Amino acid sequence: MPGTNRVEIRTLKVGRYVALEESAYKILSMSKSKPGKHGSAKARIELEDIFTGQKRSHVGTVTDNIYVPVIEKGSAIITHIQGTEVHAMDSKTYSTLILPLDPELNLESGGEIQWMEAMGRYRITRDH
C-alpha cells in the first residue's frame, strides 16, 4: 500500500494508526490473549476511521504484519472557502491546499487550521 509501512501487530499501541482496506484508522483499544494449546496469541483491535468516524474491529495473531500509514500534520491559513472545499496556504511551505469542509468547525477566511494527511486524503483536525 503506498504511503504505509509494515509492522507487527505486537508493536502497536492505543492512539496510534493502522491502515486497512485503503483507509486509515486510529486505535481506540487493544486486547491480547495468551497463546492456546495449538495456536498463537491473538490481538483484538478496536478502530475508528480518521476520515469518516466509522468504527470496526480487527483480529489477528500478534506476529501478523499490518500496515501503518505515514501521517503528516501541519497548520495552514484559510485563503477562502468555496462550496464544500477549504482553500488554504500551508504555514511552512506556502503551498496551496484544498481540503474538504467540515461543517462542525467554525471556519472563516484568514483563520488558522490544523490539517492531517494520510494515504493521499486530507482532513481538517481543528480550527484556532
Restricting to strands (runs of 3 or more DSSP E) lying wholly in the range 47-114: which have 1 or more residues that are under 18 Å from the mean Cα position of the chain (by Cα)? 55-61, 65-69, 71-82, 96-100
Report yes if SER40 is of a type in the set (S, T, N, Q), closer than 15 Å to ALA118 by Cβ and outside the structural domain of GLU104 (by TED's automatic domain parsing), otherwise no. no
Within the group ARG16, ARG123, ARG56, which residue is of a type in the set (Lys, Arg), in contact (Cβ under 8 Å) with a residue 24 or more places away in the chain and touching a Pro at 6+ places or on another chain (Cβ under 8 Å)? ARG123
Among the residues of the range 46-67, is there at least one that is in contact with a Phe, Trp or Tyr (Cβ under 9 Å, 6 or more places away or on another chain), surrounded by 12 or more Cβ atoms within 10 Å (Cβ to Cβ), aliphatic (A, V, I, L, M) and not assigned by TED's automatic domain parsing to the domain that holds ILE27? no
If you go through SER40, SER29, the only one that is among the polar types (S, T, N, Q), out of contact with any Phe, Trp or Tyr (no Cβ under 8 Å at 6 or more places or on another chain) and either assigned to a loop (DSSP other than H, G, I, E, B) or at positive phi (or both) is SER40
Could you say which residue among ILE81, ILE9 is in the same structural domain as GLU117 (by TED's automatic domain parsing) and among the aliphatic types (A, V, I, L, M)? ILE81
Any idea which of LEU28, LEU101 is under 15 Å from THR125 (Cα atoms) and surrounded by 13 or more Cβ atoms within 10 Å (Cβ to Cβ)? LEU101
Which number in (1) under 21 Å from THR11 (Cα atoms); (2) among the β-branched types (Val, Ile, Thr); (3) touching a Gly at 6+ places or on another chain (Cβ under 9 Å) marks the one condition that ILE78 misses? (1)
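The values are calculated or read from the model by the stated rules, or taken from the named source; none is laboratory data. Keep in mind the model is a prediction, meaning the values are calculated, not measured. Don't worry about glycine lacking a Cβ; one is built from the backbone with ideal geometry, like all the others, and counts go over all protein chains shown.
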